[in-house]
Every structure is written in structure tokens, then in C-alpha cells.
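In what follows, a structure is listed as C-alpha cells, so that the remarks can point back to it.
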Amino acid sequence: QVQLVESGGGLVQAGGSLRLSCTASGRTSNILVLGWFRQAPGKEREFVGGIKWSDRTTYVADSVKGRFTISRNDAKNTAYLQMKSLNVEDTAVYYCAAELGVGFVVGIPTSANAYDKWGQGTQVTVSS
């Protein structure tokens, strides 16, 4: 149906920047929202932000507003999470996820339970 692959993670110094990519394949026409989540060791999976696949409307969590930006490249079927001013607390495995369906989306879900397909995750480690 839909497959998602994340890339771009790695080790970065505090204050630095990193851009994650999420490439979708398969029946991408069924994607309503592409969301980004992260999960730090010992913590629950946390919503970071999302983008509506059709009109590119974006929303990011309050905790990362002003630092993280979400965008999409239609030709590449790829969504991006641009992260700036990274700090140690941003260290986590980052996942992209797709909410699937047919129709129009009113909002961007912040709950992981709303998403149907997940990528494998990519590790982001921020050193002090």
C-alpha cells in the first residue's frame, strides 16, 4: 500500500542543524497527512509536526515551534523535517508516519494512534 523510509539522522553538536527526509512509495495518493514523531529512551512517542499531503498545510508542536520546519517535495514524494538550534533534549529516534484514507482532512492529528503506516525510524543524537 504505502511504504515510508526515513533518512538523515546522525550525530550533531548542540546548536547545530539537521534535516530528516521521509520518502513515500506505493499508493501515495492515499496519504492524507504525513506526520513526524520522536521517541527518546524511556519516554513515550511524541508528536513533532505534520503536513497535509494535498495542500501542504503544516503544524508543529509548541515545543519545537521556531526551530523545526516541515516541507514537502511533490516530485520526489518526500517530506522533510528541518531541525535547527538543536539541543540535547532533541535526542530521539525520529519517525515519519502516514495517515491514510480518501477524502479531505480538516486537521493534522497529534496522536500516534491516528496514523496507519510508519517508517523504520532514524536516530538523532545531539551532543552537548
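Sequence-distant contacts, meaning Cα pairs under 8 Å at least 6 residues apart, place the relative contact order of the chain at 36 percent. Label-to-label distance, Ser29 versus Val102, with points set 7 angstrom from Cα along the beta-carbon direction: 0.9 nm.
Note on the chain: with charges restricted to the Cβ of Lys and Arg (+1) and Asp and Glu (-1), its dipole about the Cα centre is near 240 debye.
A cut-off of 5 Å between modelled amide H atoms, ignoring neighbours fewer than 5 places along the same chain, links Gly121 with Glu6, Cys96.
Taking only protein heavy atoms and a 1.4 Å probe, the accessible area of the range 1-88 is 45% carbon and sulfur. Near Val48, the amide H atoms lying under 5 Å from its own belong to Trp36, Phe37, Arg38; only residues 5 or more places off or on other chains count, and H is placed 1.01 Å from N.
Annotation for the range 13-106: chymotrypsin sites (Phe, Trp or Tyr not before Pro) lying in DSSP loop with at most 14 further Cβ atoms inside 10 Å of their Cβ are Phe104. In this view, the solvent-accessible surface of Arg72, computed with a 1.4 Å probe and all protein chains in place, comes to about 40 Å².
Rounded to the nearest whole Hz, the Karplus-based 3J(HN,Hα) values (6.51 cos²θ - 1.76 cosθ + 1.60, θ = phi - 60°) of the range 29-44 follow the sequence 5, 8, 7, 8, 9, 10, x, 10, 10, 9, 9, 8, x, x, 10, 6, with x at glycine and proline. Heavy-atom accessible area with a 1.4 Å probe sorts Thr28, Thr110, largest first, into Thr110, Thr28. The 1.4 Å probe gives accessible areas that order Asp116, Asp74, largest first, as Asp116, Asp74. Coupling constants for the range 113-128 follow from the phi torsions by the Karplus curve (6.51 cos²θ - 1.76 cosθ + 1.60, θ = phi - 60°), and in residue order they are 5, 7, 9, 9, 9, 10, x, 7, x, 9, 7, 10, 10, 10, 9, 7 Hz; glycine and proline get x. Using θ = phi - 60° in the Karplus curve 6.51 cos²θ - 1.76 cosθ + 1.60, the 3J(HN,Hα) couplings for the range 84-92 round to 10, 6, 5, 10, 4, 5, 7, 4, 4 Hz; x is entered for Gly and Pro. Residues whose amide H comes within less than 5 Å of that of Thr57, counting only those at least five positions distant or on another chain, are Lys52 (H built at 1.01 Å from N in the peptide plane). Quick check: from the Cα gyration tensor, does the chain come out rounded (a/c under 1.5), prolate or oblate? Here the chain falls in the prolate category.
The values are calculated or read from the model by the stated rules, or taken from the named source; none is laboratory data. Every value quoted in this text rests on a predicted model; they were computed, and no experiment measured them. Backbone-built Cβ (ideal geometry, glycine too); neighbour counts: all protein chains shown. Please note that ligands, DNA and RNA were not included when accessible areas were found on the heavy atoms of the full protein model with its side chains. Shrake-Rupley method; radii C 1.70, N 1.55, O 1.52, S 1.80 Å.
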